[in-house]
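The values are calculated or read from the model by the stated rules, or taken from the named source; none is laboratory data. Just so you know, these numbers come straight off a predicted model, no measurement behind them. Here the Cβ is made from the backbone with ideal geometry for all residues, glycine too, and neighbour counts use every protein chain on show.
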Amino acid sequence: MARADLPFESEVRKELARTRVHPRSRARHLPGWMYTSAEVFRRETERIFLKDWLIIGRVEEVETPGDYFTFDIVDEPVVVTRGKDGRLNAFSNVCRHRGAKVVEGRGNAKAFGCPYHGWTYDIEGKLAQTTFTDDVEGFDFDNCRLAPIQIGTWGGWIFVNFDPDAAPLERHVAPYAEKLGYFRQEDCRLSDTLIVESDVNWKLMAENFIDVYHFRTLHAGTFGTRKNPATNIPYDEDQVIIFRPGGKSLTPTGEMLLGRLPWLTEDDPSAAGHMPPNAYFTCHADNVQLWMSWPLSPSRSRIMIYRCSNSRATTSRSARSRITPSSPAFSTKTWVW
Ligand code: FES
Ligand SMILES: [Fe+2]
């Protein structure tokens, strides 16, 4: 670390320490500059988003060999593909020639042709074709490929990690596998997604989710009115998981529009859990939602919400037609059920 960084580093550490004081009644929240500082944002990108396991989609989004989708993590463009061999791949969406973005959007492809000079990469990211490179001295065609990124799955979710030396994904997800495993998210299927951009720092979504204090006021029109005691809150430095007995849906009445997930019983509690750095699971009797907050700048974020439900119910037209904005249980304000 450069010497000039030290005062800033110690200031950040001092403020973080104030949030972790015991007993909790003495803890304080972060000062405003932690949410607006360009330097804090730069360090968050470097030390969190380029180091941690991050969820960027569902396995059913890339079900068939050749399926792909693209995703930008802060300023890093990523492609996820299902290879010819059926395995998942993640690699940088930055051409090895002059750095153009190779592919946009999602779809199914045999290869990706860079729009700038036409280099072609196969679905696993390996260079397949170039022109006018035969006489380039030292050009290693066979080993040229879009830079690979670590990829793994848990619960049907696709995780990536830019850090080749990161701890294994299994370790990252272990507490969630243990505590939320009964929802069998791997047996659910993505039914719909919602993407909202907002003038908010990315950390505020996580903070809002571990704040059950606002339920009875902000959510008074939906689930906030139900007797909804938040119990069993094991809180440590890394995770917050809350269980609510008498698991129902989060519709205003608790009605389950898609039917109970068949592997759950009436005694299984609803649950919600923050997965650092930017994911939040909210799991109910008839659906599981994942909320993600992606930083775009210190003051702007993209909130992505995935809703998954029983795969049979999700694919039936009658069930789908019940998930519409005109449904009385659908709240565009909170999109909570
Ligand atoms: S930048 Fe991709 S082929 Fe030139
Ligand atoms: Fe809320």
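Structure summary
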| quantity | calculated |
| --- | --- |
| Scan of region 191-220 for residues that are surrounded by 14 or more Cβ atoms within 10 Å (Cβ to Cβ), of a type in the set (A, V, I, L, M, F, W, C) and more than 23 Å from PHE49 (Cβ to Cβ), ordered by number | VAL212, PHE215, LEU218 |
| Which numbered condition GLY156 fails, given (1) in contact (Cβ under 8 Å) with a residue 60 or more places away in the chain; (2) farther than 30 Å from TRP291 by Cβ; (3) not β-branched (Val, Ile, Thr) | (2) |
| Residues within region 169-218 that are of a type outside the set (Asp, Glu) and assigned to a helix (DSSP H, G or I), tallied | 27 |
| Subset of region 35-60 [in contact (Cβ under 8 Å) with a residue 60 or more places away in the chain and either farther than 30 Å from TYR306 by Cα or assigned to a helix (DSSP H, G or I) (or both)] | TYR35, THR36, ALA38, VAL40, PHE41, GLU44, THR45, ILE48, PHE49, VAL59, GLU60 |
| Evaluation of TRP119 against (1) of a type outside the set (D, E, K, R); (2) touching a Pro at 6+ places or on another chain (Cβ under 9 Å); (3) within 15 Å of ligand 1 (Cβ to nearest atom) (one fails), failing number | (2) |
| Any hit, region 286-299, residues being at pLDDT 80 or above, more than 16 Å from ligand 2 (Cβ to nearest atom) and hydroxyl-bearing (Ser, Thr, Tyr) | yes |
| Count - residues of region 221-232 that are under 25 Å from MET304 (Cα atoms) and either away from ligand 2 (no atom under 11 Å from the Cβ) or modelled with pLDDT of 80 or more (or both) | 2 |
| Any hit, region 109-125, residues being of a type in the set (A, V, I, L, M) and under 24 Å from GLN185 (Cβ atoms) | no |
| Test: ILE123 is of a type in the set (Val, Ile, Thr), closer than 30 Å to HIS284 by Cα and surrounded by 12 or more Cβ atoms within 10 Å (Cβ to Cβ) | no |
| Candidates VAL94, VAL102 - the one that is surrounded by 19 or more Cβ atoms within 10 Å (Cβ to Cβ), of a type outside the set (Gly, Ala, Ser) and closer than 25 Å to MET304 by Cα | VAL102 |
| Complete set of residues in region 61-96 that are in a strand (DSSP E or B) and of a type in the set (S, T, N, Q) | THR70, THR81, ASN89, SER92 |
| In region 38-47, the residues that are surrounded by 17 or more Cβ atoms within 10 Å (Cβ to Cβ) and out of contact with any helix residue (DSSP H, G or I) (no Cβ under 6 Å at 6 or more places or on another chain) | PHE41, GLU44 |
